[in-house]
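Colleague: Can you keep this structure in mind? I'll have questions shortly.
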């Protein structure tokens, strides 16, 4: 008779939950990386605009061009602020998802331990049964041998 773990369905569900949380965490990490790349590109764009503004302010001054560059710099600053807030939100989501994943893994591990202990108990019981059967065989053989001698 094979051992059947009574909480196997629950263990399977918890394992599925862990896998789902790992996938969700992976997606969040990917989104975070993309947001970081966007932030870096916006910062580089802003630096480029500041350099263009510096060049525009030397020599012959074009007020229209300087005004346009200034507006673009302000717009880039606003976008950087928005992306920075988005990055902070993503970091918070990642932290929460990691905590959720840790809790789910702990719950799964608890059931794994119960399953392992149940298996060890089952194996110990099977060894006891086999030992008793072996003892019964030896006793029966000894009894037969004793009857043959008499």
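Colleague: Assess whether residue 118 counts as being in a helix (DSSP H, G or I) and in contact (Cβ under 8 Å) with a residue 24 or more places away in the chain.
Modeller: Yes; evaluated as a whole, the condition is true for this residue.
Colleague: Which of the residues belonging to the range 1-37 are in contact (Cβ under 8 Å) with a residue 12 or more places away in the chain, over 18 Å from residue 94 (Cα atoms) and surrounded by 12 or more Cβ atoms within 10 Å (Cβ to Cβ)?
Modeller: 3, 5, 7, 10, 11, 14, 15
Colleague: While we're looking at this one, here's another question. Checking the structure you have, find out if any residue of the range 51-72 is surrounded by 12 or more Cβ atoms within 10 Å (Cβ to Cβ) and in contact (Cβ under 8 Å) with a residue 24 or more places away in the chain.
Modeller: no
Colleague: Suppose the filter is over 19 Å from residue 28 (Cβ atoms), touching a helix residue (DSSP H, G or I) at 6+ places or on another chain (Cβ under 6 Å) and either loosely packed, with under 14 Cβ neighbours inside 10 Å or modelled with pLDDT of 90 or more (or both); does residue 130 pass it?
Modeller: Taking the combined requirement at face value, the residue does not satisfy it.
Colleague: Please go through (1) over 30 Å from residue 22 (Cα atoms); (2) touching a helix residue (DSSP H, G or I) at 6+ places or on another chain (Cβ under 6 Å); (3) modelled with pLDDT under 90 for residue 60 and return the number of the only condition it doesn't satisfy.
Modeller: (2)
Colleague: Still on this model: Just one of (1) at pLDDT 90 or above; (2) closer than 30 Å to residue 16 by Cα trips up residue 118, so point out which.
Modeller: In the conditions (1) at pLDDT 90 or above; (2) closer than 30 Å to residue 16 by Cα, residue 118 misses (1) alone.
The values are calculated or read from the model by the stated rules, or taken from the named source; none is laboratory data. Since we're looking at a predicted model, the values are computed, not measured. FYI the Cβ positions are ideal-geometry reconstructions off the backbone, even for glycines, and counts take in every protein chain you see.
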